[in-house]
Amino acid sequence: MKSVDLFSDRGPQEGPQSNTGRMTVSLGHSYLGAWFETLKQSAHYTQMSRTGLFQTEASYQNYLLFGTVEGLAFEQWWTVRGRQTFGHGEFPLTPDCLVQYQAEQDAFKLTFCYSAQTYAASSRLFDAIEIARCACGKMLSLRPVIWPFFKSRVSPAAVFRSLDVVQACGAAGRLGRVKLYEIGERLNLSRAATGLPGDGGLVLADKHAAMGKLVSAERKRGLALTLNAARGIFPSFSSPA
């Protein structure tokens with residue numbers, strides 16, 4: 001097996017030496033950070049963590065990965081548990097290509113090991129990371145080891161947006177006076193549905209109604225996220241049966 005440095009123009013090196021590249025990753029804003037935050041906001045996950053009673057085998061396996069997240073910031077959890085669980089791993093990209101990664105402070109050391117035959121057929125693996133993402137586009141919870149390369153239609157930004165709405169709606173419910181459109185405007189959910197000083201009464205009413213519907217939909221999506229994550233399914237906006 002040989003390895004290729006994705007961040008230089010050099011070809012593969014002979015012998016057992018392994019070439020590696022560095023890729024800066026904002027962990028807290030990655031799929032892993034979104035997964036962590038979803039579990040943290042999940043009342044079901046918190047309850048299962050406290051009691052040790054899990055609904056399914058998948059929810060228990062989920063707990064074995066993350067442990068108790070209640071009251072922890074992502075950085076605290078990463079130091080205490082996350083780095084040990086998610087900081088290194090490997091998985092086959094193809095039958096002749098093995099991907100390995102290792103967390104190093106604010107970067108990842110990546111190694112793509114492949115056979116000489118595979119290298120000759122593909123010339124170079126400049127697009128190996130994108131290939132890995134395409135091969136890992138289902139549920140992250142099905143294969144947690146591929147999280148640094150994971151990519152799906154449900155982006156981390158979409159997850160955080162829905163969770164922000166759930167959290168804001170919960171706070172508004174305790175206050176009892178905040179309207180849905182006000183939550184949307186404070187979170188900048190939509191420019192088109194945000195009221196402007198020059199808007200007339202009918203225009204403003206239409207915008208408030210549109211923003212209210214958007215907030216309601218995002219809240220529903222966020223609640224589905226937290227319930228699915230507690231059951232060991234992430235990321236998914238599908239309404240649980």
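Every number in this text was worked out from the coordinates using simple rules, so none of it is lab data. Treat the numbers as computed from the prediction; the structure is a model and nothing was measured. Because the Cβ atoms are built from the backbone with ideal geometry, glycine has one as well, and the counts that use them run over all protein chains shown.
Please list, or write none, the lysines whose alpha carbon is within less than 18 Å of the alpha carbon of Lys138, excluding same-chain residues fewer than 8 places away.
Within reach: Lys151.
Treating the Cα atoms of the stretch 156-230 as identical point scatterers in vacuum, please give the log10 of the normalised Debye intensity I(q)/I(0) at q = 0.16 Å⁻¹, two decimals.
-0.56
Sticking with the crude label model, points 7 Å out along Cα→Cβ, report the distance from Ala157 to Arg191 in nm, one decimal please.
1.3
Based on C-alpha coordinates, I'd like the Rg and Dmax of the stretch 138-199, in Å.
In Å, with Rg to one decimal and Dmax whole: 16.4, 52.
Could you order peptides 70-82, 197-209, 150-162 by the average number of other Cβ atoms within 10 Å of their residues, highest first?
Answer by packing, highest mean first, reads 150-162, 70-82, 197-209.
List the lysines whose Cα lies under 23 Å from the Cα of Lys213, skipping any in the same chain that are fewer than 8 positions away.
List returned: Lys179.
If neighbour count is taken as other Cβ atoms inside 10 Å, put Val69, Val166 in order from fewest to most.
The most exposed by this proxy come first: Val166, Val69.
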